[in-house]
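The values are calculated or read from the model by the stated rules, or taken from the named source; none is laboratory data. Since the model is a prediction, treat every value here as computed from it, not as a measurement. Every residue, glycine among them, receives a Cβ derived from its backbone with ideal geometry; neighbour counts consider all protein chains shown.
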Amino acid sequence: MPPVIAITPGDPAGIGPEIALKAMIDPRVRGALRPILVADAALARWWIAHLALPLEVRPCPSVAAAAFAPGTVDVIEAAPFPLAGFAPATLRAENGRAILDWAGRAVELAQAGAIAAIVAAPQTQKAIEIAGIAFDGYPGFIALRTGTAPEDVFLMLANEERRIAHVTLHVGLRRALALIDRPRILRCLAATDDALRRLGIARPRIAVSGVNPHAGEGGLFGREEIETVVPAIAAAKAAGIGADGPFGADIMFLKPGYDGFVVMIHDQGHIPAKLTGFDRTAAFTIGTPVFFASVAHGSAYDIAGRGIADPSALIATLLAMSGVSGVV
Amino acid sequence: MTATRPLVVTMGDPAGIGGEIALMAWTRRDGATPPFAMLDDPARLEAIARRIGLAVPVAPITEVSDVARVFPRGLPVLPVSLAAAVEPGRPDPRNAPAVIEAIDRAIDLARTGKIAAMVTNPINKAVLYAAGFRHPGHTEYLADRAGLRTAPVMMLASPALRVVPVTIHLALREAVGALTTASIIHCGRVTAAALMRDFAIPLPVIAVAGLNPHAGEDGHLGREEIEIVAPAVAQLRAEGIAAHGPAPADTLFHARARAGYDAVLCMYHDQALIPLKTIDFDSGVNVTLGLPFVRTSPDHGTAYDIAGTGRANPASLIAAIALASTLGAHRLAAPALA
């Protein structure tokens, strides 16, 4: 049986609900997985009517009750969503709260083993902020909800060109340099290996960057490679992970034959990931028991509610997470 | 008349790939290739041509003014004699004086206005140190010989992107410590002047990257943007330079963003080199800004591991020669600067 994958709509007032619904009726998606929407049934009906989509909403008390029938959207609900006063492209604290209610409910389902993975449509940071909720991205949120130590959770950006996991992320460069140590690199390598296997790659090959220019050039420009990165790679290899490096981050991304790359700091990975634009990139939270990804584009208030949003990034992410596609 | 000034290409480390990529550059010449002469040992160039199976007539000349006439039929060479036989991949300190002589003669030709620009092949500093070379590197040597009082600035240029790393070959930890407002201002001034004079861009726009992720996000992810980078941008703008930033580095390099500026000041090596090499691995050229003459070099090293095999890729040297010609012509046409 194809895996059950939950979709959360992200900001209900953005393009998230529209691309989620469009993805759920996509024949490739329906062929590769069994999608279920974790949201509010009334909200789903509102969007289906607004977009005149040929779909019926079927609220399900549990995943086991889902029918996955053509023309229906199986919905698992969380806290009640106040539809009064709702309009596309409008910021509301209720919307911010709902984004994380739905994501949290999906995490519970994944932890209970009812679903195989979660894909989140774009959230709006500002909506979460005005709801008074501290949120610095899904990796931290998933860590909190799964009881995973924050230092065990990593971000992997993936698009058609490459997949890049980050040993450190949203911290200042000085702080990042202090955080990079052998155990952390090894944890990131293990999380990357695990994620690539879940994406259907039997024996992942991973290229690892250095911290310094030219990966330190034998200690000439810094000793982190000798003292930290090289031993971490050796430990990963001993654990059966196909890791190579460290390579200078500037010459690494065109190396052929690698399924994934691991970099030490935010910009080493985000610069190449965004070179060809960002719209078709997926952001995987890796290192937690829950297999989670969000699309990297925004909730696009400028076109929300107009029926012209492109679901292709969400569809590509769903297909990759079902293990049928080697690319994303 | 100025447009006919030729280029010279220095020997570089004769045990490296410099000779063979120059021979390849000559064989791949077309009507648009600017005439250039090697400052090198003719006998060793003939030997390497035979070794890698290239039919290149090596043509020793005595005057640089002969380059244009000779170039269509053979590779013009201003002879520099090596002290020891060359074995590719095996550097020999006995040849260090010839390596330096080639650079010195290029400087003299440039300073006397006999050439439009120089292109330098890669050297190996360790070998030169062993022979008594006392400068940190190639660029510092050129700056010192040119009587420069301020540090030259390195730009990496490809058809798609120009980047200027403010800190370069330093451990990242040291680069963070070495970054100052003054160093960013200096790089910004030199870059703006070079874009105007050598690249013939009348009103250059310079993007300035932040140091931290998201350019520090208003101080939440580091304070260097507030304390170091922003004041430098403000000063450059006060001087009439169209500098913008500090900007998050990760959104600076996609095609739409690149259309909005002429060069990016980057705060550390990888921030500059990752986009340059990932967009276009082979065509990056190193340009030294701030010298009294135009100097470019290929963006790679001596590559001892493949020297003498003919497997080296001449793309970066070919791009360095083409860019040197363009920049040299612009500089000759530009009004003289103080």
Among (1) farther than 30 Å from B:Pro136 by Cα; (2) surrounded by fewer than 24 Cβ atoms within 10 Å (Cβ to Cβ); (3) not small (Gly, Ala, Ser), there is one condition A:Arg223 misses while meeting the rest; what is its number? (1)
Has the stretch A:168-175 got any residue that is under 18 Å from A:Gly287 (Cα atoms) and more than 14 Å from every other protein chain (Cβ to nearest Cβ)? no
What number of residues in the stretch B:1-50 are closer than 15 Å to B:Thr296 by Cβ and either free of Cβ contacts under 8 Å to residues at least 24 places away in the same chain or among the small types (Gly, Ala, Ser) (or both)? 4
Would you pick out the residues in the stretch A:198-211 that are part of a loop (DSSP other than H, G, I, E, B) and closer than 17 Å to A:Arg184 by Cβ? A:Gly210, A:Val211
Buried (at least 16 other Cβ atoms within 10 Å of the Cβ) and not acidic (Asp, Glu), is that true of A:Ala120? yes
Would you mind listing the strands (runs of 3 or more DSSP E) fully within the stretch A:1-83 where at least 1 residues are of a type in the set (Asp, Glu)? A:56-59, A:72-77
Selection within the stretch A:147-178 - part of a helix (DSSP H, G or I) and free of Cβ contacts under 8 Å to residues at least 24 places away in the same chain: A:Pro150, A:Arg174, A:Arg175, A:Ala178
Looking at B:Ala242, B:Ala272, which is the one that is touching a residue at least 24 places away in the same chain (Cβ under 8 Å), surrounded by fewer than 23 Cβ atoms within 10 Å (Cβ to Cβ) and either within 29 Å of A:Asp279 (Cβ to Cβ) or more than 8 Å from chain A (Cβ to nearest Cβ) (or both)? B:Ala242
Please verify whether A:Ile265 is under 23 Å from A:Arg175 (Cα atoms), surrounded by 17 or more Cβ atoms within 10 Å (Cβ to Cβ) and away from chain B (no Cβ under 14 Å), treating the condition exactly as stated. no
Checking B:Leu195 against (1) at pLDDT below 95; (2) of a type outside the set (D, E, K, R); (3) out of contact with any helix residue (DSSP H, G or I) (no Cβ under 9 Å at 6 or more places or on another chain), only one condition comes out false. Which one? (1)
Only one of B:Ile206, B:Ile168, B:Ile201 is facing another protein chain (nearest Cβ under 8 Å), outside any helix (DSSP H, G or I) and in contact (Cβ under 8 Å) with a residue 12 or more places away in the chain, namely B:Ile168
Touching a residue at least 24 places away in the same chain (Cβ under 8 Å) and under 19 Å from B:Thr302 (Cα atoms), is that true of B:Val86? yes
Kindly evaluate B:Asp299 against the criterion of being under 30 Å from B:Phe36 (Cα atoms), out of contact with any Pro (no Cβ under 8 Å at 6 or more places or on another chain) and surrounded by fewer than 20 Cβ atoms within 10 Å (Cβ to Cβ). no
Residue that is surrounded by the most Cβ atoms within 10 Å (Cβ to Cβ) [pool: residues in the stretch B:14-40 that are touching a Gly at 6+ places or on another chain (Cβ under 9 Å) and of a type in the set (Asp, Glu)]: B:Asp40
Quick one: would you say B:Ala116 is small (Gly, Ala, Ser) and free of Cβ contacts under 8 Å to residues at least 12 places away in the same chain? no
Check on A:His270, closer than 22 Å to A:Ser312 by Cα, surrounded by 24 or more Cβ atoms within 10 Å (Cβ to Cβ) and under 25 Å from the mean Cα position of the chain (by Cα): yes
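Residues checked against (1) outside the structural domain of A:Arg198 (by TED's automatic domain parsing); (2) within 24 Å of A:Arg187 (Cβ to Cβ); (3) over 12 Å from the mean Cα position of the chain (by Cα):
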site	(1), (2), (3)
A:Trp102	yes, no, yes
A:Arg105	yes, no, yes
A:Glu108	yes, no, yes
A:Gln111	yes, yes, yes
A:Ala121	yes, no, no
A:Ile128	yes, no, yes
A:Pro139	yes, yes, no
A:Arg145	yes, yes, yes
What tally of residues in the stretch A:270-296 results from selecting those that are within 14 Å of chain B (Cβ to nearest Cβ) and of a type in the set (Val, Ile, Thr)? 3
Quick one: which helices (runs of 4 or more DSSP H) lie wholly within the stretch A:212-277 and hold at least 3 residues that are touching a residue at least 60 places away in the same chain (Cβ under 8 Å)? A:266-274
